[in-house]
1. As an exercise, take the mean of 1/r over every pair of distinct alpha carbons in the range 186-241, invert it, and state the Kirkwood radius in angstroms.
2. Given the Cα-Cα distance of residue 24 and residue 201 and 0.36 nm per residue of separation, how much length would full extension add, in nm?
3. Mind putting a number on the dipole of the range 189-299 about its Cα centre? Charges go on the C-beta only, +1 for Lys and Arg and -1 for Asp and Glu, and I need it in Debye to the nearest 20.
4. Quick one: with all protein chains in place, what share of the accessible area of the range 150-299 is carbon or sulfur, to the nearest percent (1.4 Å probe)?
5. Name the long-range amide H neighbours of residue 199: under 5 Å, sequence gap of 5 or more, or other chain; modelled H, no Pro or chain starts.
6. Pick out, from 289, 215, 236, the residue whose Cα sits farthest towards the positive end of the charge dipole of the chain, with +1 on the Cβ of Lys and Arg and -1 on the Cβ of Asp and Glu.
7. For the range 126-206, rounded, prolate or oblate, judged on the Cα gyration tensor with a ≥ b ≥ c (square roots of eigenvalues), a/c < 1.5 rounded, else prolate if a/b > b/c?
8. 7 Å from Cα along Cα→Cβ at both residue 209 and residue 14: what's the point-to-point distance in nm?
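The values are calculated or read from the model by the stated rules, or taken from the named source; none is laboratory data. Not measured: the values here are computed from a predicted model. In this analysis, Cβ positions are derived from the backbone assuming ideal geometry, glycine residues included, and neighbour counts consider all displayed protein chains. All accessible areas refer to the heavy atoms of the entire protein, side chains included, with ligands and DNA or RNA removed. Shrake-Rupley method; radii C 1.70, N 1.55, O 1.52, S 1.80 Å.
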Amino acid sequence: GAAAAEVSFSGAASAEYNPVGGFNTDADLDAKMSAELDNGYSVSTTLSFDTENYGGNAIASGSLTLSSDTVSLTFGDDITSASFSAVGDTIGFGDGKDGIQGAIGSVTMGAATLFVSTRVAAAATTVQSSDLEFGVTAADGDMTVGFGVADTNFVGKASGTAAGLSYTVAAGSVDDATRWDLAVSYPAGPVTVGFTVDDSEAWEASAAYAADGLSAEVTYASASETFDVEGSYDMGNGVVMNAGYLGETEEMYIGGSYALGGGASAYASYVNSDSTDAGDGIGAQDYAPGTTVGLSFAF
């Protein structure tokens, strides 16, 4: 038996013009339904629809979840996998980054959670062992550790804080190659400095500032020996301005948005770029090359 179900809807729509990509519209709708069962479990389902130019080839995804305080089981499309749930995408491997069509289950025992997932194709009668993934996470004070396995690949990860320093370190074997990644950051008032390095020995150093509506970040990448400078300023009254320079590609952008109220916003941007692909997301704001003007609505 189930008590009265809860149903909620949300969505967004936009219309914009860009000389590279022309006039385009986009809309998405998300629906969620949930109910508490008599046996201490809850059941929920999500449905998402995303369409470009209101065409017939809408991208649809959804899931069905049965859960309690300690266990859960989810079936659906575009769901995270076990390895991704355990170690994220610090080192990309497994199927979870882009979502899978299949199932994932979890069991929580104290501070530890075990994940198991598999791909399951529509109408499939068997599950391939190579599609199975496993993961586990555990928390101990200010540190969280995770371990994920996908086929013959595995990655371990630890993250946390120590003396104000935030850190994430991951290492493992992916496609028979040793992979590792290290990231640290330290806040000093409104300024946060960071450093990342991985098995390619390419490193990045950054300094970010955030206060009084202004946020800015300077990043130096050793691989390209170039700086990126990006920032935004909330001017109040719903106006936000963004600007940046990307040293490796020598692209510059400026843009802004104005909140019209009721979930509506007007926006415009200009990107000085040699790209001819309107789908390229440039800079922190993922601006399209050239000039873009548009309206967006959130429901």
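1. Hydrodynamic radius (Kirkwood, Cα only) of the range 186-241 equals 12.6 Å.
2. 59.6 nm
3. Taking the Cα centre of the range 189-299 as origin, the dipole is about 700 debye.
4. C and S atoms contribute 57 percent here.
5. Amide H to amide H, under 5 Å and 5 or more residues apart or across chains, residue 199 pairs with 180.
6. Most positive-ward Cα: 236.
7. oblate
8. The answer from the label model is 2.9 nm.
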